[in-house]
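First the structure, in the form of structure tokens, and then the observations on it.
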Amino acid sequence: MAQLLVVEDDERIRTALIRALRERGHVVSSAGTALAGLRQAVEDRPDLVVLDLGLPDLDGRELLRMLRAVSAVPVIVATARDDDDSVVEALDAGADDYVLKPFPAGQLDARIRAVLRRAAGATDGAPVPVTVGDLTLDPRSRRVTHAGTPVELSPKEFDLLAYLATRAGTVVSRRELLSEVWRLPYGGSDKTVDVHLSWLRRKLGESAADPRLLQTVRGVGVRLAEPGS
């Protein structure tokens, strides 16, 4: 059983979701606007938020960014927007999963359980900082320093760098990154990975032409390696 918050402005859909999730043993509260959802998420501290993007006062992606600034609560985006850009933008903003309307209640429940299992696994044991050359990542505080200088990263940039850091020296394919970092196991654009790698390189003070940490292996993937390795 989990404590869930459903942020959905359509009363008919909200009522149906609440009923279906309660039938599956969850404790469910709800909000019909972005700001009410943000307030409840902060005050009630649910185990997971089910978030619609088409809210009347703020776009759901903006709410997600605001929520990520103050909370690490898992979020599943539930929306009718099925274009690739919307999926990528929601995941980049910090969503843990994405489900398209209309969807069976059983599918949403399965995704909720899967996200909560991943979240529980991430908190088992105390994650320790990872150091690769002059780069240090702290998984708990989600802070990064490079040669002692703080590096400001977006949530998805941090997730990408952290995934590579835990596999330092190993070449990771773009398909694996899309699956594990963006949670897009059934496809997605390699351009998404390349754009985020470009942003990371810029923030780390390097370029694709002169990579020190983020090294591309042509036709295979990318690896995070200590300079000079």
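Read the figures in this text as sums done on the coordinates, not as results from a lab. All of these numbers come straight from a predicted model, not from anything done at the bench. Because the Cβ atoms are built from the backbone with ideal geometry, glycine has one as well, and the counts that use them run over all protein chains shown.
Ranking of Phe103, Phe158 by neighbouring Cβ atoms within 10 Å, starting from the fewest: Phe103, Phe158. Note on Ala36 and Ala120: their simple-model spin labels are 3.1 nm apart, each label 7 Å out from Cα toward Cβ. Taking Gln215, Gln107, Gln40 as the candidate residues, the one with maximal mean-square fluctuation in a Gaussian network model of the chain, Cα springs under 10 Å, is Gln107. Distances between placed amide hydrogens fall under 5 Å for Asp97 paired with Val75, Val77, all partners being 5 or more residues away or on another chain. Taking a point 7 Å from the Cα of Ala105 along the Cα-to-Cβ direction, the residues of the range 38-74 with backbone N closer than 20 Å to it are 47-52.
Taking the fewest neighbouring Cβ atoms within 10 Å as the starting point, the ordered list for Leu161, Leu184 is Leu184, Leu161. As a rough guide to protection, the peptides 80-86, 48-54, 31-37 ranked by mean Cβ packing within 10 Å, highest first, stand as 48-54, 31-37, 80-86.
Within the chain, antiparallel bridges make up roughly 50 percent of the DSSP beta bridges whose residues both belong there. Basic side chains Lys and Arg get +1 at the Cβ, acidic Asp and Glu get -1 at the Cβ, and with that the dipole of the chain about its Cα centre reaches some 540 debye. Subtracting the Cα-Cα distance of Tyr163 and Thr149 from 0.36 nm times their residue separation leaves 3.0 nm of extension gain. Using a simple spin-label model with pseudo-atoms 7 Å out from Cα toward Cβ, Asp190 and Ser141 lie 3.8 nm apart.
Put simply, the amide H of Arg143, placed in the peptide plane, has neighbours under 5 Å in Asp138, leaving out anything fewer than 5 places away on its chain. Listed values for the range 89-99 are Karplus-derived 3J(HN,Hα) couplings in whole Hz (6.51 cos²θ - 1.76 cosθ + 1.60, θ = phi - 60°), namely 5, 5, 5, 5, 6, x, 5, 8, 7, 8, 10, and x replaces Gly and Pro.
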